[in-house]
Amino acid sequence: MSDTKPHIGWIGTGVMGASMAGHLRKAGYPLTVFNRTKAKAQPLLDAGAVWADSPKAVGAASDIVFSIVGFPRDVEEVILGEDGALAGLRSGGVICDMTTSSPALAARIAEAAAARGCHGADAPVTGGDVGAREARLSIFVGGDTDAFRRLKPCLEVMGRTVVHCGLPGAGQKAKLANQVAIAGVMFSVCESLLFAREERLDVRQWLETVIPGAAGSTAMGTLGRRIVDGDFEPGFYVEHFLKDLRLCMDECRRMNLVLPGLAAAEQAYQALTAQGYGKKGTQSLIRGLAALSARAD
């Protein structure tokens, strides 16, 4: 292992984070990890990562700290909390949150980091569980140029496309715009599959015919196939997507911007969560749509 590589801290080893941190470890980066449930970090520990008992301990052991957790409140706790990573990070360190979170919170983290002589950046990702496993995520980065320069080699280990979007918070804004696009695509995938099913077509044959054409999409190829296979396990949780849509709506209200499709998606995913599908994948939208017409899912 090269001594020239920075020591990396990682907070959050869930569906996405475990794979992303694993790529860094395989690339030879010294790695210190924390997760609320230690068992979820065990594969990384088996690969040579070091366990830390708190986010603060992660910060103290690291030159660069990455986090990818669930909700903005979790981001605030693991970074800005009394026992958060920033409290342990030495002057000159970099802290980079990869959770899809609030642009305002990202800017606040950067300000708090600067007050300690550190850099704060945001780098949310898109590509889902498959993109995380295969290291082909797209990564939207917000932060100053020095932070981006230091983060880029690590980010290129985890993703195929790494874009510096601007100052702190800009990465979050770019990711939220991405989620607006995905919201519409999910309606496209689920409504078309439901229509094909109700017309008694061979849905699998129909799907494989559509995927290469103009109506095809990455979501159609991945989540559409999962729907046909009856697989509703998460590549991305319904409850996390609803959180993203609410963040988008917050930004729309701030800008006095009206996006009817986004508003409809927020309502649909809120209903899906109320129906008990919060821990399932976003492709579960087809179940909520079927219920509107009193169809079985």
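The values are calculated or read from the model by the stated rules, or taken from the named source; none is laboratory data. On a predicted model such as this, the values are computed, not experimentally measured, just so you know. Cβ atoms come from the backbone with ideal geometry, glycine included; neighbour counts cover every protein chain shown.
Of the candidates D231, D244, the single residue that is assigned to a loop (DSSP other than H, G, I, E, B), outside the structural domain of I95 (by TED's automatic domain parsing) and among the acidic types (D, E) is D231.
Within the bounds of segment 257-269, is there any residue that is free of Cβ contacts under 8 Å to residues at least 24 places away in the same chain, assigned to a loop (DSSP other than H, G, I, E, B) and assigned by TED's automatic domain parsing to the domain that holds A183? Yes, segment 257-269 contains a residue that is free of Cβ contacts under 8 Å to residues at least 24 places away in the same chain, assigned to a loop (DSSP other than H, G, I, E, B) and assigned by TED's automatic domain parsing to the domain that holds A183.
Screening Q42 on (1) surrounded by fewer than 18 Cβ atoms within 10 Å (Cβ to Cβ); (2) over 24 Å from Y237 (Cα atoms); (3) at pLDDT 95 or above shows it passes everything except condition (2). Evaluation of G70 against the conditions (1) part of a loop (DSSP other than H, G, I, E, B); (2) farther than 19 Å from Q172 by Cβ; (3) not β-branched (V, I, T) shows that the sole unmet condition is (2).
Considering segment 88-105, and only residues there that are surrounded by 18 or more Cβ atoms within 10 Å (Cβ to Cβ) and farther than 23 Å from L24 by Cα, the residue that is nearest to the chain's Cα centre (by Cα) turns out to be S102.
For segment 25-46, a residue qualifies if it is under 17 Å from T99 (Cα atoms) and touching a Leu at 6+ places or on another chain (Cβ under 7 Å), and exactly one does: V33.
Taken over segment 130-151, the criterion of being closer than 19 Å to A18 by Cα and surrounded by fewer than 16 Cβ atoms within 10 Å (Cβ to Cβ) is satisfied by V130, E134, R136.
Is it fair to say P6 is part of a loop (DSSP other than H, G, I, E, B), in contact (Cβ under 8 Å) with a residue 12 or more places away in the chain and either buried (at least 20 other Cβ atoms within 10 Å of the Cβ) or not acidic (D, E) (or both)?
yes
The helices (runs of 4 or more DSSP H) found wholly in segment 108-212 and carrying at least 1 residues that are assigned by TED's automatic domain parsing to the domain that holds D250 and over 19 Å from the mean Cα position of the chain (by Cα) occupy 170-198, 203-210. Count of segment 133-160 residues, restricted to those that are more than 14 Å from I64 (Cα to Cα) and free of Cβ contacts under 8 Å to residues at least 24 places away in the same chain, is 3. For segment 226-256, taking the residues that are without any contact (Cβ under 8 Å) to a residue 60 or more places away in the chain and of a type in the set (A, V, I, L, M, F, W, C), the one that is surrounded by the fewest Cβ atoms within 10 Å (Cβ to Cβ) is identified as M255.
If the condition is being outside any loop (DSSP other than H, G, I, E, B) and either basic (K, R) or under 19 Å from D144 (Cβ atoms) (or both), then segment 76-104 contributes I79, L80, A85, L86, V94, I95, C96, D97, P103, A104. Within segment 12-67, the residues that satisfy the criterion of being among the β-branched types (V, I, T) and within 20 Å of the chain's Cα centre (by Cα) are T13, V15, V33, T37, I64, V65. Each residue in segment 1-15 was checked for being over 12 Å from V65 (Cα atoms) and either at pLDDT 95 or above or among the charged types (D, E, K, R) (or both), and 3 of them qualify.
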